[in-house]
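**Student:** One structure coming up, written as structure tokens, with questions to follow.
Taken together, the values in this text are just the output of simple stated rules run on the coordinates, not laboratory data. Since we're looking at a predicted model, the values are computed, not measured. Here the Cβ is made from the backbone with ideal geometry for all residues, glycine too, and neighbour counts use every protein chain on show.
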Number of protein chains: 2
Amino acid sequence: MSRWHRTHEQLSQAALELFAEQGYTTTGTAEIAQRAGVSEMTLFRHFPTKEALLLTDPFDPVMAEAVRARPDQELPMQALTAGIREAWHTIDADTVRSLRERIRIIAATPALRGAIERNSETTVGALAGALQDRGVDRPQAHVAAAAVIAGLSTALQTWATTEDADLQQTLASALAVLAGE
Amino acid sequence: MSRWHRTHEQLSQAALELFAEQGYTTTGTAEIAQRAGVSEMTLFRHFPTKEALLLTDPFDPVMAEAVRARPDQELPMQALTAGIREAWHTIDADTVRSLRERIRIIAATPALRGAIERNSETTVGALAGALQDRGVDRPQAHVAAAAVIAGLSTALQTWATTEDADLQQTLASALAVLAGE
DNA sequence: ACCAGAAAAGTTAGTAACTAACATAAAGCT
DNA sequence: AGCTTTATGTTAGTTACTAACTTTTCTGGT
């Protein structure tokens, strides 16, 4: 593990702890940097904004690949929902727990409303690219990708903020609606 | 026209002018307030954030009403896309021009990526409400509404940034994809 | 017309996220 | 070991946004 990677994780972890302890808005970036044993400037070299400390999702490539692999005759929304359904079966329990915790913090913070959507540009781009590889034209590919990601984010939010909610079941229900069922 | 309404418009107009002249990020809130002949504090009493000066969209109620009026047997995504298609035929040319100008400024400003989505919470809520009135359960209604609004926003962005693009045609194409066609 | 009460705007002073420019230390390579 | 690159520190600023309080402007009833 390189040095950069180590401080990156230390910052991310320090931020999560502090956000959980005392809330997002009341926690300052200087405070986070201090707990991570690093200067404030360094924090902003690792994360472009304070928000980014919460929004690191590593699922983009997996989803895009799954969409690319769908049968040719499927329409955009079908290919996306089916691909995403497959991809989300592969993530492990630890990632799920961490994800849930982060979404909860986001949901509990008014200033972060829309933070997920704001941050999903790269994911949308990846999915749109996968659709274009299947012959969908650029504008339509972006429309479909943006729509599905927005729907997915919404579903994840209700999952994270509902007690005893089953992730797979929530996802299945959301993807079904998006597919037009 | 009340006093409050007058300064509200003056601020909005001053902001649009300055953003168009010299860009969004380089224009300060104090500068906007000055051109509107008002103090900076007053600006923030009228608009909660600098972003809000750009994002005043008055279409929410029309769309929700149109969705409510759709035939009962339609599935969520169908009802939404069909309702929105109808609603957007009713807006006048002036509104379209102003909308296009604002979206262009947003698209030209990296710091505003995702600003539309961030601001669409009320619209999503209204559409989700309309769906729930049709018997769709809450989580699914929100998923569908968020998805369609995200797709719509994406379509509007490509429309605003493409020369000689026809609004109705762009919308029709986007809504068709969302409906699963 | 006048005057109380409320609504809108001003003033001042501050907080906190982010940036620029330059200096320093630690890693990796030969 | 030395040289280059990469990661971090330091300092000093800019700018969106807030809090607390005061002053002005509008409004309605007598």
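**Student:** Tabulate in residue order the Karplus-calculated ³J(HN,Hα) for segment B:11-21, using 6.51 cos²θ - 1.76 cosθ + 1.60 with θ = phi - 60°, rounded to whole Hz; enter x for Gly and Pro.
**Tutor:** After applying 6.51 cos²θ - 1.76 cosθ + 1.60, I find 5, 4, 5, 4, 4, 4, 4, 5, 4, 5, 6 Hz.
**Student:** Sticking with this structure for a sec: Using R₀ = 22 Å, calculate the FRET efficiency as 1/(1 + (r/R₀)^6) where r is the Cβ-Cβ separation of B:Ala176 and A:Asp72; round to 0.05. Provide the component values of the computation, followed by the final result.
**Tutor:** On the way: r = 19 Å, r/R0 = 0.88.
After rounding, the FRET efficiency stands at 0.70.
**Student:** Further, regarding this structure: Can you list residues whose amide H is under 5 Å from B:Lys50's amide H, if they're 5+ apart or on another chain and H is modeled 1.01 Å from N?
**Tutor:** Amide H to amide H, under 5 Å and 5 or more residues apart or across chains, B:Lys50 pairs with nothing.
**Student:** Here's a follow-up. Using the Karplus curve 6.51 cos²θ - 1.76 cosθ + 1.60 with θ = phi - 60°, what ³J(HN,Hα) values do you get for each residue of segment A:133-150, in whole Hz, with x for Gly and Pro?
**Tutor:** With coefficients 6.51, -1.76 and 1.60, one gets 4, 8, x, 6, 7, 3, x, 5, 4, 5, 4, 5, 5, 4, 4, 5, 5, 4 Hz.
**Student:** Here's something else I'd like to know. Using 7 Å Cα-to-Cβ label points, what is the A:Arg3/B:Glu65 separation (nm, one decimal)?
**Tutor:** Using points 7 Å along Cα→Cβ, the separation is 6.5 nm.
**Student:** Another question, then. Run the label-point distances for A:Ala30 please: 7 Å along Cα to Cβ, every other copy, nanometres, shortest first.
**Tutor:** So the label point of A:Ala30 gives 2.2 nm to the other copies.
**Student:** Once each part is reduced to its C-alpha centroid, what is the distance from segment A:70-84 to segment B:33-63 in angstrom?
**Tutor:** Segment A:70-84 and segment B:33-63 have Cα centres spaced 41 Å from each other.
**Student:** Taking the beta-carbon count within 10 Å as an exposure proxy, list B:Asp72, B:Asp137 from fewest neighbours to most.
**Tutor:** Details: B:Asp72 7, B:Asp137 11.
Fewest to most other Cβ atoms nearby, the residues stand as B:Asp72, B:Asp137.
**Student:** Can you give the Kirkwood hydrodynamic radius of segment A:23-101 from its Cα pairs, in Å with one decimal?
**Tutor:** 15.4 Å
**Student:** Here is a follow-up. Taking the Cα centre of segment A:62-152 as origin and charging only Cβ (+1 Lys, Arg; -1 Asp, Glu), how large is the dipole, in debye to the nearest 20? Kindly include the intermediate steps, with their values, before the conclusion.
**Tutor:** Values: 11 positive and 11 negative charges, 72 e Å.
So the dipole magnitude of segment A:62-152 works out to roughly 340 debye.
**Student:** Which listed residue (A:Val96, A:Ala69, A:Met41) has the Cα farthest towards the positive end of the charge dipole for segment A:1-153, taking +1 on Lys and Arg C-beta and -1 on Asp and Glu C-beta about the Cα centre?
**Tutor:** Ranked along the dipole, the leading option is A:Met41.
**Student:** Charges at C-beta only: +1 for Lys and Arg, -1 for Asp and Glu. How large is the resulting dipole of chain A about its Cα centre, in Debye rounded to 20?
**Tutor:** Charge dipole, chain A, about its Cα centre: 420 debye, nearest 20.
**Student:** Spin-label point model (7 Å from Cα, Cβ direction): what's the B:Ala52 to A:Thr56 distance in nm?
**Tutor:** Taking the simple label geometry, B:Ala52 and A:Thr56 are separated by 3.4 nm.
**Student:** Further, regarding this structure: Could you list B:His89, A:His46 so that the one with the fewest beta carbons within 10 Å of its beta carbon is first and the one with the most is last? The partial results should precede the final answer.
**Tutor:** Values: B:His89 9, A:His46 19.
By the 10 Å Cβ count, ascending, the order reads B:His89, A:His46.
**Student:** Got the A:Pro61 label distances to the other copies yet, label 7 Å along Cα→Cβ, in nm, shortest first?
**Tutor:** Listed shortest first, these distances are 5.0 nm.
**Student:** Shielding of A:167-177 by partners, i.e. mean partner chain Cβ atoms within 10 Å per residue?
**Tutor:** Taking all residues of A:167-177 together, the mean is 3.
**Student:** Provide a whole-number value for the mean count of partner chain Cβ atoms within 10 Å of the Cβ atoms in peptide B:95-108. Present the calculation step by step, with values, prior to reporting the outcome.
**Tutor:** Details: counts 0, 0, 0, 0, 0, 0, 0, 0, 0, 0, 0, 0, 0, 0.
What the average comes to for B:95-108 is 0.
**Student:** May I pose another question? Need one value for B:148-160: mean number of C-beta atoms belonging to other chains within 10 Å of its residues' C-beta atoms.
**Tutor:** Partner-chain Cβ atoms within 10 Å, mean over residues of B:148-160: 5.
**Student:** Defining the label point at 7 Å along Cα→Cβ, can you sort the distances from A:Asp72 to the same site in each other copy, shortest first, in nm?
**Tutor:** Nearest first, the other copies' label points are 4.4 nm away.
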